Amino acid sequence: MTGGGRESEGGEEEVRGARRIPGPRGAADDLDLASVPLPPLPPPGGNAPDEAVPEQSQPASASGDAPEAPESDAGEPEPDLGPGPAAEAWPEPDPWPEAEPADGHPQPAAPEWDPTAPAAEAWPDPDREPGPADGTPEPHAPDPFVSSAPVVLPHQVLKALLGAWALSACSAEETAAVEDHLTGCAPCADEALRLRDAVGLLHTDGSLDLDPTLRTRVLDGCFGRRPARIPVPEWAAPYDAETARLDALLRDIGDSEWHAPVRLQWFEEERQVSRRTTVAGVIGHLMAVDGLLSAALGLDDPLDDGKTPLDPTERTETYWSATRRPPTRAVREPWRAQSHELIRTASFAGRNVAETSVSYGAFALPLQDAALDRAFECWIHGGDIADAVDYPYPAPSAAHLHRMIDLAARMLPAALAGRRSAGLAGPAKDLVAAGAPGRSLHLEIEGHGGGDWYIALDSPAAVGAPERAVAQVALDGVEFCRLVAGHISPVEAAAGQEGDREAIRDVLFAAASLSRL
């Protein structure tokens, strides 16, 4: 026999069922098994690991009978190793068995939980291997090492991760590494800000519409960097700018919005009046009144019938009544072509054209003031259209608004004299020679396009002077223009007032009387 008393397979079949006698085990008995490291046992009830684990001896039953030995894979019962160092090397699988052993000696009771002990010692670990024979506990095996330090990545890798970082698609470690890198790398920080702004445009809850003022700002920038070959006269620049702004608004509205109702307001006979029309009707009104400037420059009048009145209101009514059907967006092209022709002609005509008289019927203005008046009305009616179609429409630039306010301030003495002739204003109190300083009102315009003006109170030929001021009125620039346009009444004007109350009232009502259709 070889191999520890085993014969060949044929011999095993002959002695199957017979009690086997273990062979000599000198090599194993000579070893100090207490010093040999043993593999850890599987937890109770768990699955056995893949590697082979030596069989453990079964505890004796309560009756004291020895259990039957388990059979091997070949159906043979395992040999009884008997007492000895090898049998004592393997601990019992259950440290606290419920059944008493075969020798009848009771097992020690299971240790109870100690609340004062550390967390690792409060409950004994049944799976922990027994310590040495002297009772000294073996050192606890350390947990697997987990590093909390940030991931160290090269600059190029971190730069490539900026896109994923902006989309919040990086892992926690990559996010920490990228954000740590951004604190010390200015180029990557700038790129990260640009990427985050671009990601903000991808959100569906935000509007992707462009800023309505973008067109105006781009044109202003272009004109500032590349002046025209033939420059527009300075006095015609406000009219050029306001017609361009209104044309940009008209380009952005749809066909149906050309029929949106618009209410035009002005001040007449000590009260506010209004007229209802459409967006297309407002453009027709502007084109009809601009025809006065075209006639003064020798250009074609859009109401060319030989009997067209000069009064702006009558011209507008004539144009509206001559239209066989309600005007549509088709009116935009002739109006824009007319404004382009006016600016082009004024630019080529030279300096003397600025003093050309433009008749409004009841009064006349030099061409440079008439162009400023048309710029003012284009802005005011552009605001009316913007309100009707819910479109943002800011005030003109400060320089242009200042020129418009200056024109209204220069027209106030004549308007005040006309109201005095009609019995609508107080009598003159201190007449002086033409060109001499007379009694004045200090008009202080604050904010956008503001300044100081002194309005002669008793005669249009007198000169306003600070030393002869008897009253002061303070108004915001846009608020004053709305008063001049008849969009607010003199009573509603938010004015700071000081001094002669009668003079203040007369000037505010004279400003409102400058308005017209």
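Each reported figure results from applying straightforward, stated rules to the coordinates on display, with no laboratory input. Note that the structure is predicted; figures quoted are calculated from it, not measured. Here the Cβ positions follow ideal geometry from the backbone for every residue, glycine too, while neighbour counts run over all protein chains shown.
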- [ ] Would you work out which of 273, 298, 309 lies farthest towards the positive end of the dipole of the stretch 269-354, given +1 charges on the beta-carbon of Lys and Arg and -1 on that of Asp and Glu, about the Cα centre?
- [x] 273
Open item on the list: I'd like to know which of 328, 396, 412 lies farthest towards the positive end of the charge dipole of the stretch 313-459, counting +1 on Cβ of Lys and Arg and -1 on Cβ of Asp and Glu.
Closed with: 328
TODO: Provide the per-residue ³J(HN,Hα) series for the stretch 495-511, in order, calculated from phi with Karplus coefficients 6.51, -1.76, 1.60 and θ = phi - 60°, each as a whole number of Hz, with x at glycine and proline positions.
DONE: 10, x, 10, 7, x, 4, 5, 5, 5, 4, 5, 5, 5, 5, 6, 5, 5
Open item on the list: Quick check: net charge around residue 459, other residues with Cβ under 15 Å of its Cβ, Lys/Arg +1 and Asp/Glu -1?
Closed with: +3
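Would you mind classifying the stretch 363-457 by shape? Square roots of the alpha carbon gyration tensor eigenvalues, ordered a ≥ b ≥ c; an a/c under 1.5 is rounded, otherwise it is prolate if a/b is larger than b/c and oblate if not.
prolate
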Open item on the list: Under 5 Å between amide hydrogens, which residues at least 5 positions from residue 358 or on another chain qualify, with H placed 1.01 Å from N in the peptide plane?
Closed with: 365, 367
Task: the stretch 339-373 residues near the modelled residue 272 label - backbone nitrogen below 16 Å, point 7 Å along Cα→Cβ - done: none
Task: Charge dipole (debye, nearest 20) of the stretch 335-480; +1 at Cβ of Lys and Arg, -1 at Cβ of Asp and Glu - done: 540
Task: Size of the stretch 200-298 as Cα extents on the principal axes (Å, biggest first) - done: 55, 40, 28
Open item on the list: What does the charge count around residue 446 come to, taking other residues whose C-beta lies under 11 Å from its C-beta (Lys +1, Arg +1, Asp -1, Glu -1)?
Closed with: -4
- [ ] Treat each spin label as a single point 7 Å out from the Cα along the C-beta direction, and report the residue 424 to residue 229 distance in nm.
- [x] 5.0
Task: Cut-off 11 Å between beta-carbons: net charge of the residues surrounding residue 517, Lys and Arg +1, Asp and Glu -1 - done: -2
Task: Only Lys, Arg (+1) and Asp, Glu (-1) charged, at Cβ; the stretch 421-517 dipole about Cα centre in debye - done: 320
Task: Residues whose placed amide H lies under 5 Å from that of residue 448, excluding near-sequence neighbours - done: 477, 478
- [ ] Tabulate in residue order the Karplus-calculated ³J(HN,Hα) for the stretch 463-471, using 6.51 cos²θ - 1.76 cosθ + 1.60 with θ = phi - 60°, rounded to whole Hz; enter x for Gly and Pro.
- [x] 10, x, 9, x, 6, 9, 5, 10, 7
- [ ] Find how many whole Å separate the alpha carbon centroid of the stretch 304-369 from the alpha carbon centroid of the stretch 394-458.
- [x] 27
- [ ] May I ask you to derive the FRET efficiency for residue 489 and residue 194 from their Cβ-Cβ distance with R0 = 60 Å, giving the value to the nearest 0.05?
- [x] 0.70
- [ ] Pull up the DSSP beta bridges for the stretch 396-517 and report the antiparallel fraction as a percent, rounded to 5.
- [x] 55
Open item on the list: Explain nothing, just compute: Karplus ³J(HN,Hα) = 6.51 cos²θ - 1.76 cosθ + 1.60, θ = phi - 60°, for every residue of the stretch 230-245 in order, whole Hz, x for Gly and Pro.
Closed with: 10, x, 6, x, 4, 6, 9, 4, x, 5, 4, 5, 6, 5, 5, 5
